[in-house]
Amino acid sequence: MGSEASVGRTAIDAAMAEKVDLDADRKKEILSLERALDRLNHFEVLGLRPGASAGEVKKAYHEASRRYHPDRFFEKNLGSFRARVERIFKRIHDSYSVLSDVDLRAQYERDHPEIASAPAAAAPLPQDEARAAERRARLARHPYMAKLTRVHELLDSGKKSLAAGDFGKAYSDLHLASKLDPKNQDVHELLNQVRHRHEQQRAAEELKRGQVAEQEKDLAGAARCYLNAANLDPKSSLAASKAAKLLLKPGHDLKQARDLAQRAVDLDPNNADHRFLLAAILDQAGMGKLASRQVEEALKLNPNHPEAKKRQKKSRWPF
Amino acid sequence: MAREPVIGIDLGTTNSVVGTVQSGQPIVIKNRLGQNLTPSVVAYAKSGKQLVGQIAKRQAVTNPEATVYAAKRLIGRKYSSERVQQVIKTLSYPVTCGEHDDLRVQLGGKLLSLPEISAAVLRELKLDAEASFGEPVSRAVITVPAYFNDGQRQATKDAGKIAGLDVLRIINEPTAAALAYGFGKNVSGKVAIFDLGGGTFDISVLEINKGVFDVAATGGDTLLGGEDFDKRIIEALVFGFAKEHGIDLRKDRMALQRLKDAAEKAKIELSTVNETQVNLPFICTPPGGGSALHLQRSLTREKLEELTEDLCERTISICEQVLSEAKVRPDDLKEVILVGGMTRMPRIIAKVKNYFRREPSKGVHPEEVVALGAAVQADALTQQESRVLLLDVTPQSLGVAIAGGYARKLIPKNTTVPTSTTEVFTTSKDLQTTVKIMVLQGESEIARENELLGEFVLSGLREATRGEVEIEVTFDINSEGIVSASAKDKETGMQQSITVTASGGLTREELDEILEKQADNLLDSPEDEELAERRRELSEAMRNVRGFLPKVKAAMDGSDFAQDAVRRGEQGLTRAEEVLRGKSISALVAATDQLTRTLSVFKGWLQKIGSQEQ
């Protein structure tokens, strides 16, 4: 409909040429919003995403009123824009009336199921938003901006992955970003955070794999997994004690087992099992006195610890 | 040049206040007697002079029949209405019925409409403001009770016009109070305004959000206020006196006026003390002759509370109703603000405290806050970049009369203005070719119990069985609160519409006539007396300077000083001519001062020359 479009064009040109107390930008804004009114749903009129809360609806309505209430143009010469502004405000108020009333809103959302699935967060002026996005994209293609843009993209995607719990992806994105822009503090901080979370996650995975291997009687494999877990997450007493327990078996490094068991006790001093494990390792290493002290501690924590009781009996009656 | 000042006026039942915003701060403009409150009283003295304000109130006792007070209770109402009849019974001045069922007051041998009475008060306030600014003021925002209907608002607007004011907007008193309360503060949240004034009670709930004042609901009773409390006291006094002496004091207008004053005074005193004395010596002479009788009684706060308990209770039941309409619980409110002199009564404060479950705000002055709020709105409207925006609502529902004598609401009350709505109606009879659209305001479902704002006829409909022809009715309220209605035949596109105006008792012609007379009268007003006086002074100064100029020029010795003095004198004269054409008193005074100074320079100069020559 070329002719129709050109008619619309002349009407706009006429309005833009009108001598009123508005600057060109404001005129443009009012004209484009007025023309868009029929296409916009109630959420879009107020610049809201579908499913916005009652508080957000009210806030958006007050914000829009501040811009389009006819009193804002009191005593100004507006020409044809007076009617346009009134039309816009009425529509803003209509949208608000529907969205602020629980029943009307529910009805509206039932009648327009497509809105809920519509792309989120439509701004009041979609054309402007689109134009701004295009400008940003063009700028981003500039070679000077390319590196910075890439860093920002990586940072954004890193943040998203972090939020989604995909620490591996977040770590690789952020690592790349820090390589591109080593001085970026944001990237640096986030990277540390992700690295930590990522290691914790891997530790948890190793721990699980170790438990599976142990059940399948693959003790050597299980020991390796537990050891990995303990190295990845030095704060996990469980990983440390599990690794220590398996390392106690003959043919392993007793010193390493003792260190791990000691770590488990340090991290979780109130766990009788950890203390008894340490005692067993110390016994093995021929340090009976230290072992006895650990057993006593373990019995203090849990007087009914069966193995500890047995060990104590043994040590009391050596003959 | 600074923009012309704008004012806000609280046109009250008993007192009126005028305010303005000066350097970003709302302030009360004192009247020329130095008081913040101007009594809303207009009188015709026996000398034939019209008196307004404090002087009118002071002579009320001796001149009850020509002293009009509480005009606000009658403005914009119909003579035949039951409530008006009730009110008239208690008034000391005569009220008669006008041509269109409106009210007229006999004053100084003339029949005046109520807008004219209120205009006298408004004009007084306008003059006070002009005296304070030293320049003319014409633009104002005037407040009315929230529950005033369209007719009462129009009548108030007419009063403003008669007083020579350009009424920018009529706003609701509680809303104005909220504007003053929230102005310049960064408050957010819901507040309730409890406004019990001299004649009316209003309650409004507003949500304030960073300068946006969103009215959620409003309601009230236009005939519930301090006057009703006074009336209860008067009745008690009259009853006691009748029991003692067998004389009904209400028949004596002068006694009634004295009783009224005494009752108001006692009521105010009982807000601070527990007991007070009513002393009215020589209140009347017994009909059979003999010495004059005195009225002497003590009144306790407890007794007053007992007499007015139902009035206090009524305010709270209206609050309940308005809050439930706004879907607000007392706990949701951030603040309760008391407005109006009557809210000083301890019983009222206790009731409010009990219902809203909190201590009411003491941050505002109950009698001045409304005028300050009106000033804030006047400022917000006329200023370029204002932070304040008021989202006001329609106080009453609008609808049309439908078959069976019922009313169908199109715009429910508490709808934010501007607004418009469209509904499709059909013919109600077979072969119906015309429909009459009656525009109604009010809450009743029975058409005749509502106020009729206007009516018009849409004719030329196709003859068809009933229900077949569809008529689209559109109601529109613009941001000025002006209602217009139109009806359209959907088949033929034929359309009829009206804009509802001037239903305030005066017809357009009558208003024009009054305004015209006003123009003739203009020179009589005190403002113009002063203006004439100042003009006379300036003309005289100009004459003197002109008289000296040739002499000075003749004696000029070519020195810089002399040339400079002559040039300044000539400039002063040109400016004075300009100022003389204007109406600004301050400019006239300034020009006169300058010419006087020039004159003394000339005189000193000539003296010096003369002494040298000798």
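The values are calculated or read from the model by the stated rules, or taken from the named source; none is laboratory data. Given the structure is predicted, the values throughout are model-derived calculations rather than measurements. No Cβ is skipped: glycine too gets one built from the backbone with ideal geometry, and neighbour counts run over all protein chains shown.
Some observations on this one:
- Verdict on B:Val322 being among the β-branched types (Val, Ile, Thr), under 21 Å from B:Pro395 (Cβ atoms) and outside any helix (DSSP H, G or I): no
- Some residue of segment B:386-406 being of a type in the set (Asp, Glu) and within 14 Å of chain A (Cβ to nearest Cβ): yes
- Top-ranked residue in segment A:59-81 [being at the interface with another protein chain (Cβ under 10 Å from one of its Cβ atoms) and farther than 22 Å from B:Val215 by Cβ; ranked as modelled with the highest pLDDT]: A:Lys76
- Among helices (runs of 4 or more DSSP H) entirely within segment A:157-255, having at least 2 residues that are more than 29 Å from the chain's Cα centre (by Cα) singles out A:185-215, A:219-232, A:237-247.
- Evaluation of B:Ile171 against the conditions (1) touching a residue at least 40 places away in the same chain (Cβ under 8 Å); (2) under 27 Å from the mean Cα position of the chain (by Cα); (3) more than 24 Å from A:Lys58 (Cα to Cα) shows that the sole unmet condition is (3).
- For segment B:474-487, the set of residues classified as in contact (Cβ under 8 Å) with a residue 24 or more places away in the chain and more than 14 Å from chain A (Cβ to nearest Cβ) consists of B:Val483, B:Ala485, B:Ala487, listed by residue number.
- Residue that is surrounded by the fewest Cβ atoms within 10 Å (Cβ to Cβ) [pool: residues in segment A:196-238 that are more than 19 Å from A:Phe167 (Cβ to Cβ) and of a type in the set (Lys, Arg)]: A:Lys217
- Any pair with Cβ under 9 angstrom, 6 or more apart, that starts in segment A:20-37 at a residue that is within 14 Å of A:Ser80 (Cα to Cα) and not assigned by TED's automatic domain parsing to the domain that holds A:Asn77 and ends at one that is assigned to a helix (DSSP H, G or I) and among the hydroxyl-bearing types (Ser, Thr, Tyr): none
- Members of segment A:82-101 that are within 11 Å of another protein chain (Cβ to nearest Cβ) and over 12 Å from B:Thr419 (Cα atoms): A:Arg82, A:Ala83, A:Val85, A:Tyr96, A:Ser100, A:Asp101
- Taken together, the criteria place B:Thr96 among residues that are outside any loop (DSSP other than H, G, I, E, B), surrounded by fewer than 17 Cβ atoms within 10 Å (Cβ to Cβ) and not aliphatic (A, V, I, L, M).
- Among the residues of segment B:407-417, those that are part of a strand (DSSP E or B) and within 12 Å of chain A (Cβ to nearest Cβ) comprise B:Ile411, B:Thr416.
- Residues satisfying the stated conditions in segment B:1-34, i.e. crowded, with 21+ Cβ neighbours inside 10 Å, out of contact with any Asp or Glu (no Cβ under 9 Å at 6 or more places or on another chain) and outside any loop (DSSP other than H, G, I, E, B): B:Ile7, B:Ile9
- Cβ separations smaller than 6 Å between residues 6+ apart or across chains give the following pairs from segment A:184-196 residues that are within 17 Å of A:Glu153 (Cβ to Cβ) to residues that are hydroxyl-bearing (Ser, Thr, Tyr) and assigned to a helix (DSSP H, G or I): A:Val187/A:Ser178; A:Leu191/A:Ser178; A:Val194/A:Tyr171.
- Residues in segment A:38-62 that are free of Cβ contacts under 8 Å to residues at least 12 places away in the same chain and under 31 Å from the mean Cα position of the chain (by Cα): A:Ser53, A:Gly55, A:Glu56, A:Lys59, A:His62.
- When segment B:575-602 is filtered for residues that are surrounded by fewer than 14 Cβ atoms within 10 Å (Cβ to Cβ) and either more than 26 Å from B:Ala131 (Cα to Cα) or in contact with a Pro (Cβ under 6 Å, 6 or more places away or on another chain) (or both), only B:Ser600 remains.
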